[in-house]
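Below you'll find the structure, written out as structure tokens, and then a few comments.
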Amino acid sequence: MTQPLLEISNLHVAINGTEILHGINLTVNAGEVHAIMGTNGSGKSTLTKVIAGHPDYVVTSGDIKLRGVSILEQEPEDRARAGVFLAFQYPVEVPGVSNMYFLRTALNAHRKHRGQPELSGAEFLALVKEKARLVDIDAGLLNRSVNEGFSGGEKKRNEILQCACWNRHWRSWMKPTAAWTSMP
Ligand SMILES: Nc1ncnc2c1ncn2[C@@H]1O[C@H](COP(=O)(O)OP(=O)(O)O)[C@@H](O)[C@H]1O
Ligand SMILES: [Mg+2]
């Protein structure tokens, strides 16, 4: 049997000494889509933030493995390089940082980690235009600051564009889709 993409076992998580997750088990294989549903305050966002490595949340027992490797001791940026992507419920506006520059800098950091050369400006432009068409986002948004003044829907599309450009392995989506997807 092939190794699961993501394997969460008996995960207990606390914040400020209060336990919020009381033993979560979840196995996700490559290509599967899982939707996690629960009442307000049941811990869905907490789970996604713990996977991404938010420092406020303490894993008191259990494990999270990505392709068989525990990521609990990894910094958030290392988890991102390993393939974790967290899409925000409310994407943050970053005035003064161009969307294009942001996408390119992050993509080149990922490529460096994978031992690939950086993309030239022209190569990146071709790639981002193709991905923008794929996710049906207005190319004009690429030249604006990250999410600044974007509509709610444009912000969500911009998150999907990041995913498409960086080729993440594991994606956690917070509302409104409340759906988690994975890719091979
Ligand atoms: N930073 C925090 N400080 C204190 N309590 C928190 C923090 N983050 C989450 N919680 C608590 O953890 C519980 C789960 O919250 P959350 O994961 O946001 O639930 P959901 O996304 O399922 O609505 C809630 O009771 C919430 O108040
Ligand atoms: Mg939530």
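Of the numbered criteria (1) more than 16 Å from ligand 2 (Cβ to nearest atom); (2) under 26 Å from I20 (Cβ atoms); (3) in contact (Cβ under 8 Å) with a residue 60 or more places away in the chain, the one A106 fails is (2).
Annotation note: of G41, G23, the sole residue that is farther than 16 Å from L86 by Cα and either touching a Lys or Arg at 6+ places or on another chain (Cβ under 9 Å) or more than 16 Å from ligand 2 (Cβ to nearest atom) (or both) is G23. Exactly one residue among V135, V69 is of a type in the set (A, V, I, L, M) and in contact (Cβ under 8 Å) with a residue 24 or more places away in the chain, and that residue is V135.
Taking the range 24-42 as the range and being within 9 Å of ligand 1 (Cβ to nearest atom) and either of a type in the set (S, T, N, Q) or free of Cβ contacts under 8 Å to residues at least 24 places away in the same chain (or both) as the test, the residues that pass are G38, T39, N40, G41, S42.
How many residues does the range 15-44 contain that are polar (S, T, N, Q) and more than 20 Å from E73 (Cα to Cα)?
Applying the first criterion (polar (S, T, N, Q)) to the range 15-44 yields 16, 18, 25, 27, 29, 39-40, 42.
Subsequent filtering for residues that are more than 20 Å from E73 (Cα to Cα) retains 18, 29, 39-40, 42.
Qualifying residue count for the region: 5.
Residues considered: V28, V33, V50. Of these, the only one that is under 29 Å from N147 (Cα atoms), more than 16 Å from ligand 2 (Cβ to nearest atom), touching a Phe, Trp or Tyr at 6+ places or on another chain (Cβ under 9 Å) and not assigned by TED's automatic domain parsing to the domain that holds D138 is V33.
The values are calculated or read from the model by the stated rules, or taken from the named source; none is laboratory data. Every value quoted in this text rests on a predicted model; they were computed, and no experiment measured them. Here the Cβ is made from the backbone with ideal geometry for all residues, glycine too, and neighbour counts use every protein chain on show.
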